[in-house]
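Every read-out reported here was derived from the displayed coordinates using simple, explicitly stated rules and does not represent laboratory data. The structure displayed is predicted, hence computed values, not measured ones. Counting neighbours? That spans all protein chains shown, and the Cβs are built from the backbone with ideal geometry, glycine included.
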Amino acid sequence: MTSETVRLQRREEVAHGTMAFHFDKPAGFSFKPGQAIDLILPDPAIAGTEGARHAFSIVSAPHEGELVVATRRRDSAFKNALAGLALGAPAQVEGPFGALTLHNKAERAAVFVAGGIGITPFMSMLRHAAHQRLQRRLVLVYSNRRPEDSAFLSELQRLEGDYPNFSLVATMTRMAESRLPWMGETGLVDAALLKRVAAELPDPVYYVAGPPAMVAGLRETLERVGVDDDDIRSEEFYGY
C-alpha cells in the first residue's frame, strides 16, 4: 500500500476530550464514505515503530477538500505526538481501506448505531448522503454519556433539519453528571429503543461502530430482536 504526504491544517475540539485534526487531501486521493486510513507520524520518539501509526475512520466526506480524523485524548505515545504536531507539519497516510460502507439498494433503509467516537465513519456517510441528496431513509442512534461528550452533535442536529431523509436519535447515559440541559432520550441503547426506531423503516440494514464491548452487545441485541446476521455490519474501535 502506497503512502501519501499530508500536512496538518488545523485542529479543533469537537467534544469534551475529543479532537478533530484537519489535513490537506492529496491530489487524486479518493475513498468511500465509512472507510479508514492509517495515519503515520514522524515524531522521533515513535518514528519507525508500530506505535508511529494508527488507523482512523475518515470523518470528512469524499467531496470535501480535506482529510479529517477525530480521536479521544489519551496519554499514549501516538496521541501525545499527534497533539503536539505543529500546524503545517507533515505526516503520512496509507489507505483507504475498510468495508463499513453504505449498501447499494436505495429502497432499504440504513440504521447507524454509534457509541462515542464510533460516530466518525457515520459522519462521512451522512455528509456524503446529504450532499448527494440520496433518496433513502437514514437513522442514526447515537449514544454518549453526556451532551458535552457528544462529538459533532450540533452538526448532526442541524443536518436532521436540513436533510428530510435523515433522523437523529441521540441518547445520554449519565445525565446526572452533565451541566447541560437535555430533552432527548436517556439510557442505554436497548432492544426496545432499536425496535421503536426501526418500526416503520423499509427492510433496514444495521451498522454498528464503537468500543468492542458495546459492538458485541449490540450485535447480540439486534439478533435477539430478529435482525438477520447478514443485515448487521460492524466495526470495533480500539484505542480511540
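For segment 110-236, the C-alpha radius of gyration sits at 1.00 times the compact-globule guess of 2.2 N^0.38 Å, with N the residue count. Among the GluC sites (Glu not before Pro) in segment 51-107, those located in a DSSP loop and surrounded by at most 12 other Cβ atoms within 10 Å of their own Cβ are Glu107. Near Phe78: Cβ cut-off under 13 Å, other residues only, Lys/Arg at +1 and Asp/Glu at -1. The net charge is +1. Label positions at Arg179 and Glu13, each projected 7 Å from the Cα along the C-beta direction, are separated by 1.0 nm.
Pairs of Lys residues in the chain are counted when their Cα atoms are under 26 angstrom apart and they lie 8 or more places apart or on different chains; the count is 4. Within segment 1-99, the ratio Rg/Rh, alpha carbon atoms throughout and Rh by Kirkwood, equals 0.93.
When the Gaussian network model of the chain links Cα atoms closer than 10 Å, the mean-square fluctuations of Val205, Val68, Val227 top out at Val227. Rounded to the nearest 20 debye, the dipole size of segment 110-236 about its Cα centre is 400 debye, using +1 on the Cβ of Lys and Arg and -1 on the Cβ of Asp and Glu. Its DSSP H runs of at least 4 residues, each contributing -39,500 (n - 2.57), put the calculated 222 nm mean residue ellipticity of the chain at -6500 deg cm²/dmol, to the nearest 500.
Panel values: segment 111-151, Kirkwood radius from alpha carbon pairs, Stokes-Einstein at 25 °C and 0.890 mPa s, translational diffusion coefficient 225 µm²/s. For Arg179, neighbours were defined as the other residues whose beta-carbon sits under 14 Å from its Cβ, and their charges (Lys and Arg +1, Asp and Glu -1) total 0.
Pairwise Cα distances in the chain exceed 34 Å in 15 percent of cases. If you take the Cα centroid of segment 165-190 and the Cα centroid of segment 47-114, the two points sit 25 Å apart.
Sorting the segments 116-126, 179-189, 48-58 by their mean number of nearby beta carbons within 10 angstrom, highest to lowest, gives 116-126, 48-58, 179-189.
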